[in-house]
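First comes the structure, then the notes that go with it.
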Amino acid sequence: MAIMKRKIVASADEDRNNQSKRAKLDITKKRHVAAVILARGGSNGIPLKNIKLLAGVPLIGWVIRAAIDSDVFDSLWVSTDHDEIERVAKKWGAQVHRRSAEVSKDTTSSLETIQEFCRMNPEVDIICNIQATSPCLHPHHLIQAVEMVTKQGYDSVFSVDRRHHFRWQEVTKGGGTDTKALNLNPAKRPHHQDWAGELCENGSFYIATKKLIDEGVLQGGKMAYFEMPAKYSIDIDIDIDWPVAEQRVLRFGYFGKDKPELVRLLLCNVLGCLTDRQISLSASGDERVSVNSRDLDGITMLQREGTEVILLTSSENPTLGRLTDKLSQKTGCVLMSLNEPKQVEVEKLMKEKKLEWKEVAYIGNDVTDVDCLNLAGLSAVPLDNSVVTLNAAKYQCQSAAGHGAVREFCEHILLLKKILDRFVNV
């Protein structure tokens, strides 16, 4: 009898141990973790906000870069219904979930779109919904939060920050005239340093198991929050936030694993970058080409900061020849005539100046520029260029050729110099 009792006890202990092992296995076994960024083309507020440039990077690019460098996702997706957002997402390294019209409406919830994504990707076990409008997100935030699900057994985790706002009850029409404090005693108002504040969702990300999403919730089961310092919490919803967000990003944004390189040389095509390719004829038959004074000012700004600018030309047109000579005299820039392939001649120049591609910026506009656009540390094309050149360039100007594109790129180079200075001073 005693032997049987010992066997029963041993059997119960063994069952508990097996259950514990199975539970631990469920938590630690490899599950497919997908990052999903929702970026609808017809969002209200700022038109195509998700790909608008913020400090020279498409808004969605900031979170894609952070997600990729976190190295905790088995797949990274942008869910969109818009061709241009799809192009930008793929360029920055994301896969694209082309959402259906049914989940692309103004009234569609994030949950409905994620549910469709799950149905189309049944291999996914855990979804991290990252908000495109959170450009100060860093890889370490995502690493720690995802591990709360994959290693600590939580079913859902969401980001919060700490706020010190005193809240008061709203007085509605017909509901009386008195208000009351909701989170403080007015007779004993605490000092900021004596009050821990309150935790509020900051919207940076929401992580949930597929099981929860199938049940119709993003937050549920065993829940936890991930607190982010307030300096990383920014959500862009209205246009007036843009300059504020840009300054915040310059201070607290994530710029990748490698620090930016200092641009020492800008190579600028004259035809199709400084000019709009149009040649006008006067009544007397004279050919005329115009350039924008703002573009010339941009070149001067770079030169003042110690960056050399070389003007590139390959045309035998005498009108353009006269123009480039005058531009060279006016700006003090060296004029260089390039034949194809341009890359070979540029690399000869770089060797003479003891420069690497990462120290060179290049603005071009033609298929013959693609190799240089791909290799340059910074590269740009004016607005309305071919898909081939757009995909090769690292920066797409919002201004057209001959109408401020060069000035815009010069400003972008100077902006990145500020970022480099921040790295040096850290």
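Things to note:
- GNM flexibility winner over the chain from LYS394, LYS49, LYS351 (Cα, springs under 10 Å): LYS351
- Diffusion coefficient, µm² s⁻¹, Stokes-Einstein with Kirkwood Rh over alpha-carbon pairs of the stretch 33-146 at 37 °C and 0.692 mPa s: 234
- Between TRP168 and ASP258, the C-beta separation translates, for a Förster distance of 45 Å, into a calculated FRET efficiency of about 0.40.
- Our analysis of the stretch 60-119 gives Rg over Rh at 0.98, with the two radii drawn from alpha carbon positions and Rh computed by the Kirkwood formula.
- Principal axis box of the stretch 312-386, alpha-carbon based, largest edge first, Å: 32, 32, 22
- With all pairs of different C-alpha atoms in the average, the Kirkwood value for the hydrodynamic radius of the stretch 297-426 is 15.5 Å.
- Mean-square fluctuations from a GNM of the chain, with a 10 angstrom spring cutoff on Cα atoms, peak among LEU48, LEU59, LEU184 at LEU184.
- Carbon plus sulfur fraction of accessible area for the chain, probe 1.4 Å, in percent: 50
- Note on the chain: with a GNM built from Cα contacts shorter than 10 Å, the maximum mean-square fluctuation among GLY404, GLY176, GLY253 falls on GLY176.
- Label-zone membership for the stretch 94-127, site ARG31, 7 angstrom Cα→C-beta point, backbone N under 17 Å: 115, 118-119, 121-127
- The spacing between the stretch 164-219 and the stretch 294-370, judged by their C-alpha centroids, is 56 Å.
- Taken about its Cα centre, the stretch 331-401 carries a charge dipole of roughly 260 debye when the Cβ of each Lys and Arg holds +1 and the Cβ of each Asp and Glu holds -1.
- Compared with the direct C-alpha span, the chain from SER293 to MET120 gains 57.1 nm at full extension, assuming 0.36 nm per residue.
- Stretchable slack from TRP242 to GLU411, in nm (0.36 nm times residue separation minus alpha-carbon distance): 59.2 nm
- Scattering profile of the stretch 97-194 at q = 0.24 Å⁻¹ [log10 I(q)/I(0), Debye over alpha-carbon scatterers]: -1.27
- Where labels lie 7 Å past Cα in the beta-carbon direction, separation of ILE46 and VAL367 in nm: 3.6
- Set LYS49/LYS353; LYS351/LYS417; LYS30/LYS231; LYS49/LYS180 screened for pairs whose C-alpha atoms are more than 31 Å apart: LYS49/LYS353; LYS30/LYS231; LYS49/LYS180
- Kirkwood Rh in Å, taken over all unlike Cα pairs in the stretch 137-193: 15.4
- Accessible area per residue, Å², the chain with all protein chains present, probe 1.4 Å: 53
- With the charge dipole of the chain set up from +1 on Lys and Arg Cβ and -1 on Asp and Glu Cβ about the Cα centre, the Cα lying farthest toward the positive end among the listed residues VAL381, CYS397, LEU218 is that of LEU218.
- Of the DSSP H helices in the chain, those that are both long (alpha-carbon extent of 24 Å or more along the helix axis) and hydrophobic (Kyte-Doolittle mean at least -0.5) are 405-425.
- Cα-derived Rg to Rh of the chain, Kirkwood definition: 1.11
- Cα centre as origin, Lys/Arg/Asp/Glu Cβ charges: the chain dipole, Debye: 1600
- Net lengthening on full extension, LEU111/GLU201 (0.36 nm per residue, minus Cα-Cα): 30.8 nm
The values are calculated or read from the model by the stated rules, or taken from the named source; none is laboratory data. Everything numeric here is computed off the predicted structure, so don't read it as measured data. In this analysis, Cβ positions are derived from the backbone assuming ideal geometry, glycine residues included, and neighbour counts consider all displayed protein chains. Keep in mind that these areas ignore ligands, DNA and RNA; they rest on the heavy atoms of the full protein, side chains included. Shrake-Rupley method; radii C 1.70, N 1.55, O 1.52, S 1.80 Å.
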